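Contents: one structure, followed by commentary.
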Amino acid sequence: MKLATLKRGGRDGTLVVVNKDLTLAQAVPDIAPTLQAALDDWTRAEPRLRQVYADLNHGAARHAFPFEPKACHSPLPRAYQWADGSAYVNHVELVRKARGASMPPEFWSDPLMYQGCSDRFIGPCDPIEAADEGWGIDFEAEVAVITDDVPMGVTPEQAAGHIKLLMLVNDVSLRNLIPAELAKGFGFFQSKPASSFSPVAVTPDELGDAWRDGKVHLPLVVHLNGELFGRPNAGVDMTFNFPRLIAHVARTRYLGAGSIVGSGTVSNVDRSVGSCCLAERRMLETIEEGRPRTPFMRFGDRVRIEMLDERGRTVFGAIDQSVERYQPSAA
């Protein structure tokens, strides 16, 4: 099943069910007005949403209309929780190697996690706004899951059953603001503005055999200004799978329905497949040549993030965004 949120009906948008090939959609106000409302009552809502999905795919939907990703919010325009991990530890190791730092052994057994900005996400085709190119604007292509209510202290085995939907993520980072923030010892804040998510969120069964072991075993394809930047496989070199990440987040707290947990930047040890962020390419250049050559994003640059199934069909739709100069509105 595939679900999206249109930019109409208030700040939380309008929930629609989308057919498998992302060409048709149908609003479902009699089931749930928003995706958050559906997640709050998932046991009741899910089978009814699946029936609409079946009707759309078999040409039996009576109120279908063309689906347009540019009309979409992120599936959850805002969320009670957005926790992003760093499940691809080889990426973390590379970061530290580039600056001559050793890798603490516990990084391989205890996930890194930060709590991100979740009161307003960027739509999948909306611009990334920044006031200054000097902030070091970067994309980070990731996978994320959405949970139902998760009990505190859940085990990874139990956590697997709480994964209801998956999405793609562009976890926007302002790289040149990060060092000063981390030096304060209190984590990210200004350096991690709003993230964006794919046009649709999908239930795990939509991925077929590609969803196994709590991982998505498909390449995550990134284009920068129309040129292929990377296509690492999200199921390869993922040290901590999604059930493990959820269990880490829930160790000392409950997670409310609609919580989002991200994988962190997808990264493979095989560097021939490219990267999912500019920082990783710059780190490789630093290690190999002594300095980075690739610039961070500038105003007018465009990034496209997408995942294709084994038949070359888009699974989540594409995050397709340009960088624009932020223009403050008059107070």
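The values are calculated or read from the model by the stated rules, or taken from the named source; none is laboratory data. For clarity, every value in this text was computed on a predicted model and none was experimentally measured. Glycine also receives a Cβ, built like all others from the backbone with ideal geometry; neighbour counts cover every protein chain displayed. The accessibility values were calculated without ligands, DNA or RNA, using every heavy atom of the protein model including side chains. Shrake-Rupley method; radii C 1.70, N 1.55, O 1.52, S 1.80 Å.
When you look at residue 258, is it crowded, with 24+ Cβ neighbours inside 10 Å and touching an Asp or Glu at 6+ places or on another chain (Cβ under 7 Å), yes or no?
No.
Search region 302-320 for residues being outside any strand (DSSP E or B) and in contact (Cβ under 8 Å) with a residue 12 or more places away in the chain, and hand back the single one that is nearest to residue 166 (Cα to Cα).
316
Anything in region 76-104 that is surrounded by 21 or more Cβ atoms within 10 Å (Cβ to Cβ) and not hydrophobic (A, V, I, L, M, F, W, C)? List them, or say none.
Residues satisfying the conditions are 77, 84, 85, 86, 88, 91.
Pull out all pairs, ordered by first then second residue, where Cβ-Cβ is under 6 Å, the residues are six or more apart or on different chains, the first lies in region 281-301 and is among the hydrophobic types (A, V, I, L, M, F, W, C), and the second is open to solvent by less than 60 Å² (accessible area, probe 1.4 Å) and not in a helix (DSSP H, G or I).
Qualifying pairs under 6 Å: 296/136; 296/137; 296/138; 297/137; 297/323; 299/323.
State all residues of region 43-62 that are surrounded by fewer than 18 Cβ atoms within 10 Å (Cβ to Cβ) and either at pLDDT below 95 or of a type in the set (A, V, I, L, M, F, W, C) (or both); if no residue qualifies, say none.
54, 59, 60, 62 - these are the residues of region 43-62 that are surrounded by fewer than 18 Cβ atoms within 10 Å (Cβ to Cβ) and either at pLDDT below 95 or of a type in the set (A, V, I, L, M, F, W, C) (or both).
Just to be sure, is residue 71 open to solvent by 20 Å² or more (accessible area, probe 1.4 Å) and in contact (Cβ under 8 Å) with a residue 60 or more places away in the chain?
Details: open to solvent by 20 Å² or more (accessible area, probe 1.4 Å): yes; in contact (Cβ under 8 Å) with a residue 60 or more places away in the chain: yes.
For residue 71, the condition - open to solvent by 20 Å² or more (accessible area, probe 1.4 Å) and in contact (Cβ under 8 Å) with a residue 60 or more places away in the chain - is met.
Within region 126-157, how many residues are within 29 Å of residue 283 (Cβ to Cβ) and either open to solvent by less than 40 Å² (accessible area, probe 1.4 Å) or under 20 Å from the mean Cα position of the chain (by Cα) (or both)?
Counting residues in region 126-157 that are within 29 Å of residue 283 (Cβ to Cβ) and either open to solvent by less than 40 Å² (accessible area, probe 1.4 Å) or under 20 Å from the mean Cα position of the chain (by Cα) (or both) gives 15.
With 70, 7, 97 as the choices, which residue is in contact with a helix residue (DSSP H, G or I) (Cβ under 7 Å, 6 or more places away or on another chain), charged (D, E, K, R) and more than 30 Å from residue 269 (Cβ to Cβ)?
Residue meeting the stated conditions: 7.
Looking only at region 292-331, filter to residues that are over 30 Å from residue 209 (Cα atoms) and of a type in the set (Asp, Glu); which one of those is surrounded by the most Cβ atoms within 10 Å (Cβ to Cβ)?
My answer is 301.
Taking interchain pairs and intrachain pairs at least six residues apart, which have beta carbon atoms under 6 angstrom, with the first residue in region 1-28 and within 14 Å of residue 54 (Cβ to Cβ) and free of Cβ contacts under 8 Å to residues at least 60 places away in the same chain and the second among the small types (Gly, Ala, Ser) and part of a strand (DSSP E or B)?
Between residues of region 1-28 that are within 14 Å of residue 54 (Cβ to Cβ) and free of Cβ contacts under 8 Å to residues at least 60 places away in the same chain and residues that are among the small types (Gly, Ala, Ser) and part of a strand (DSSP E or B), there is no close pair.
Mind listing whichever residues of region 270-291 are surrounded by fewer than 17 Cβ atoms within 10 Å (Cβ to Cβ) and outside any helix (DSSP H, G or I)?
Of everything in region 270-291, those that are surrounded by fewer than 17 Cβ atoms within 10 Å (Cβ to Cβ) and outside any helix (DSSP H, G or I) turn out to be 270, 290, 291.
Could you list all residues from region 184-215 that are open to solvent by less than 10 Å² (accessible area, probe 1.4 Å) and under 14 Å from residue 115 (Cβ atoms)?
The answer is 191, 195.
Determine whether region 240-247 contains at least one residue that is charged (D, E, K, R), at pLDDT 95 or above and crowded, with 21+ Cβ neighbours inside 10 Å.
no
Given the conditions (1) assigned to a loop (DSSP other than H, G, I, E, B); (2) in contact (Cβ under 8 Å) with a residue 40 or more places away in the chain; (3) touching a strand residue (DSSP E or B) at 6+ places or on another chain (Cβ under 9 Å); (4) not acidic (Asp, Glu), and given that residue 63 satisfies all but one, which numbered condition is not satisfied?
Checking residue 63 against (1) assigned to a loop (DSSP other than H, G, I, E, B); (2) in contact (Cβ under 8 Å) with a residue 40 or more places away in the chain; (3) touching a strand residue (DSSP E or B) at 6+ places or on another chain (Cβ under 9 Å); (4) not acidic (Asp, Glu), the one that fails is (2).
Condition check: crowded, with 18+ Cβ neighbours inside 10 Å, closer than 24 Å to residue 112 by Cβ and among the hydrophobic types (A, V, I, L, M, F, W, C). Does residue 222 satisfy that?
So residue 222 fits the description; yes.
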